[in-house]
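The values are calculated or read from the model by the stated rules, or taken from the named source; none is laboratory data. Here the structure is a predicted model, which is why all the values come from computation and not from measurement. In this analysis, Cβ positions are derived from the backbone assuming ideal geometry, glycine residues included, and neighbour counts consider all displayed protein chains. Just so you know, the surface numbers come from the protein's heavy atoms only, side chains and all, with ligands and any DNA or RNA stripped out. Shrake-Rupley method; radii C 1.70, N 1.55, O 1.52, S 1.80 Å.
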Amino acid sequence: MNDLHALSIFVDDNQLSILDQTQLPNKKQWLVCDSIDSMVLMIQKLQIRGAPAIGIAACLLLAIKAEKGLAEEDFIRNANRLRAARPTAVNLMNNIDSLLQASKTGYPKSVVDEAERLFYEDIELCNKLSELGNSLISPNSNILTHCNTGGLATVGVGTAIGVIRKAHGSGKNVKVWVGETRPLLQGGRLTAWEMGELGVPYRLICDSMAAMLMARGEVDCIFVGADRIAANGDFANKIGTYNLAVLASYHEIPFYVVAPHTTVDLACENGNLIPIEERNASEVKGVSGGFGDCIWAPEGAPVYNPAFDVTPAHLVSAWILDTGIYRVEDVQTGKLARR
Ligand SMILES: CSC[C@H]1O[C@H](OP(=O)(O)O)[C@H](O)[C@@H]1O
């Protein structure tokens, strides 16, 4: 496999390394990923995260293993293990399915070629998304975003953050409200870091502050990512996204979802059918990781920790995919499904 380099993933001399995102922003620690077991763990611990990035990282490891002599039947078994590593983001399943399909015609070379194609495709799709999304942003906009959807969550410039980056780069004087995104703080840790690295003016807020800012007229538009978009336009994204969609509707603020077409799941009729990952109680009871450990909830506190929620299509102003900008009337007439 050729050497490949992205913000959170690189392949060098046929070895895959992952930037451990649980250690950001305080520490940039690279981890060599040389086994299926370690990749499954890295995905489940969100050391590698973000719908597009986890799909591509899993495929790169499988391709490296294939090139190093993994038997085809073991490739298929391990591909299916990785496919189940996290249930909500469909990119993981879509990417691995395309690798399995490729393996039928010329394993292992076909698998290596497909994994590399997926890597470069994501870069290209992110660039298309940023151009299309930027066309919806007026100069001097205050943009609210949630979770992390930049170069850490993809191998390109990102999805929602890719749009913000493009608007900033085109001189539109955008300012960004970054929702910290409890409980894992992808916004407070990762998006704040990426905004700083990109030089985009931003202010970090608690998730609970968004409503007041909208009421004050200090949010002009909202851009979020997605982990799975159902055929009817309902979509799953990081927990707290639905809150923002309802608030945006009440305050008549444009609410945009940005995702590559590989996030669309045509086999999923509506958002009620999207599996929602539930995660460990410890994540809600305090914080732990590269930023230190601090548990504030009572030891035995019962916890509910869904990692995603579902936003119904009627609350979405537009879906920004690499294949175009879709409005609710497009989705209602099935245009989202016809890529
Ligand atoms: C472009 S990434 C989309 C999506 O991925 C994040 O989830 P996680 O941090 O759990 O991997 C978040 O939902 C982003 O919006």
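Restricting to region 180-211, name every residue that is under 15 Å from the mean Cα position of the chain (by Cα) and outside any helix (DSSP H, G or I).
Hits for region 180-211 are Thr181, Leu184, Leu185.
Taking region 212-249, which residues are within 12 Å of the ligand (Cβ to nearest atom), part of a loop (DSSP other than H, G, I, E, B) and over 22 Å from His261 (Cα atoms)?
Passing the criteria: only Gly240.
Test of understanding: among Glu73, Glu67, Glu124, which residue is within 16 Å of Leu16 (Cβ to Cβ) and open to solvent by 50 Å² or more (accessible area, probe 1.4 Å)?
Values: Glu73 fails: within 16 Å of Leu16 (Cβ to Cβ); Glu124 fails: within 16 Å of Leu16 (Cβ to Cβ).
Glu67 is the lone residue from the list that is within 16 Å of Leu16 (Cβ to Cβ) and open to solvent by 50 Å² or more (accessible area, probe 1.4 Å).
Quick one: Leu60 ticks every box in (1) under 28 Å from Asn270 (Cα atoms); (2) in contact (Cβ under 8 Å) with a residue 40 or more places away in the chain except a single one, so which number is it?
With respect to (1) under 28 Å from Asn270 (Cα atoms); (2) in contact (Cβ under 8 Å) with a residue 40 or more places away in the chain, Leu60 is out only on (1).
Looking at (1) open to solvent by 10 Å² or more (accessible area, probe 1.4 Å); (2) in contact (Cβ under 8 Å) with a residue 60 or more places away in the chain; (3) more than 26 Å from Cys59 (Cα to Cα); (4) part of a helix (DSSP H, G or I), find the lone condition where Ser138 falls short.
Failed condition: (4).
Do we find a residue being surrounded by fewer than 16 Cβ atoms within 10 Å (Cβ to Cβ) and more than 14 Å from the ligand (Cβ to nearest atom) anywhere in region 141-148?
Scanning region 141-148, I find no residue that is surrounded by fewer than 16 Cβ atoms within 10 Å (Cβ to Cβ) and more than 14 Å from the ligand (Cβ to nearest atom), so the answer is no.
Run down Lys109, Lys166 and say which single residue is outside the structural domain of Gly188 (by TED's automatic domain parsing) and either within 30 Å of Lys65 (Cα to Cα) or away from the ligand (no atom under 12 Å from the Cβ) (or both).
Selected residue: Lys109, the only one of Lys109, Lys166 that is outside the structural domain of Gly188 (by TED's automatic domain parsing) and either within 30 Å of Lys65 (Cα to Cα) or away from the ligand (no atom under 12 Å from the Cβ) (or both).
In region 298-322, which residues are open to solvent by less than 30 Å² (accessible area, probe 1.4 Å) and either part of a loop (DSSP other than H, G, I, E, B) or farther than 22 Å from Leu185 by Cβ (or both)?
Residues satisfying the conditions are Ala301, Asn305, Ala307, Ala313, Leu315, Val316, Ala318, Trp319, Ile320, Leu321, Asp322.
Pull up region 11-33, narrow it to residues that are within 18 Å of Arg189 (Cα to Cα) and away from the ligand (no atom under 14 Å from the Cβ), then point me to the one that is surrounded by the fewest Cβ atoms within 10 Å (Cβ to Cβ).
Lys27
Report yes if some residue within region 14-37 is part of a helix (DSSP H, G or I), under 30 Å from Leu266 (Cβ atoms) and either under 21 Å from the mean Cα position of the chain (by Cα) or outside the structural domain of Gly292 (by TED's automatic domain parsing) (or both); otherwise report no.
Yes.
What pairs come up if the first residue lies in region 87-111 and is open to solvent by 20 Å² or more (accessible area, probe 1.4 Å), the second is within 14 Å of the ligand (Cβ to nearest atom), and their beta carbons are under 7 Å apart, counting only those six or more places apart or on different chains?
Within 7 Å, the pairs are Pro87/Pro275; Pro87/Glu277; Asn94/Gly55; Asn94/Thr262.
Which residue, of Ile43, Ile36, is open to solvent by 10 Å² or more (accessible area, probe 1.4 Å) and in contact with a Lys or Arg (Cβ under 7 Å, 6 or more places away or on another chain)?
Exactly one of Ile43, Ile36 is open to solvent by 10 Å² or more (accessible area, probe 1.4 Å) and in contact with a Lys or Arg (Cβ under 7 Å, 6 or more places away or on another chain), namely Ile36.
List the pairs whose first member sits in region 229-253 and is farther than 18 Å from Pro87 by Cα, whose second member is more than 16 Å from the ligand (Cβ to nearest atom) and assigned to a strand (DSSP E or B), and whose Cβ atoms are under 9 Å apart, counting only residues at least 6 apart or on separate chains?
Gly233/Tyr326; Ala248/Cys221; Ile253/Cys221
Quick one: count up the residues across region 247-263 that are open to solvent by 10 Å² or more (accessible area, probe 1.4 Å) and touching a strand residue (DSSP E or B) at 6+ places or on another chain (Cβ under 9 Å).
Result for region 247-263: 6.
Looking only at region 218-246, which residues are open to solvent by less than 50 Å² (accessible area, probe 1.4 Å) and over 27 Å from Ile54 (Cα atoms)?
Answer for region 218-246, where residues must be open to solvent by less than 50 Å² (accessible area, probe 1.4 Å) and over 27 Å from Ile54 (Cα atoms): Val219, Cys221.
Out of everything in region 72-99 that is within 16 Å of the ligand (Cβ to nearest atom), among the polar types (S, T, N, Q) and assigned to a helix (DSSP H, G or I), what residue ends up being nearest to Asp34 (Cα to Cα)?
Step by step, filter region 72-99, then rank; the result is Asn95.
Would you confirm whether or not region 59-70 contains a residue that is in contact with a Lys or Arg (Cβ under 6 Å, 6 or more places away or on another chain) and more than 30 Å from Ile205 (Cα to Cα)?
Step one: list which residues in region 59-70 are in contact with a Lys or Arg (Cβ under 6 Å, 6 or more places away or on another chain), which gives none.
No, region 59-70 contains no residue that is in contact with a Lys or Arg (Cβ under 6 Å, 6 or more places away or on another chain) and more than 30 Å from Ile205 (Cα to Cα).
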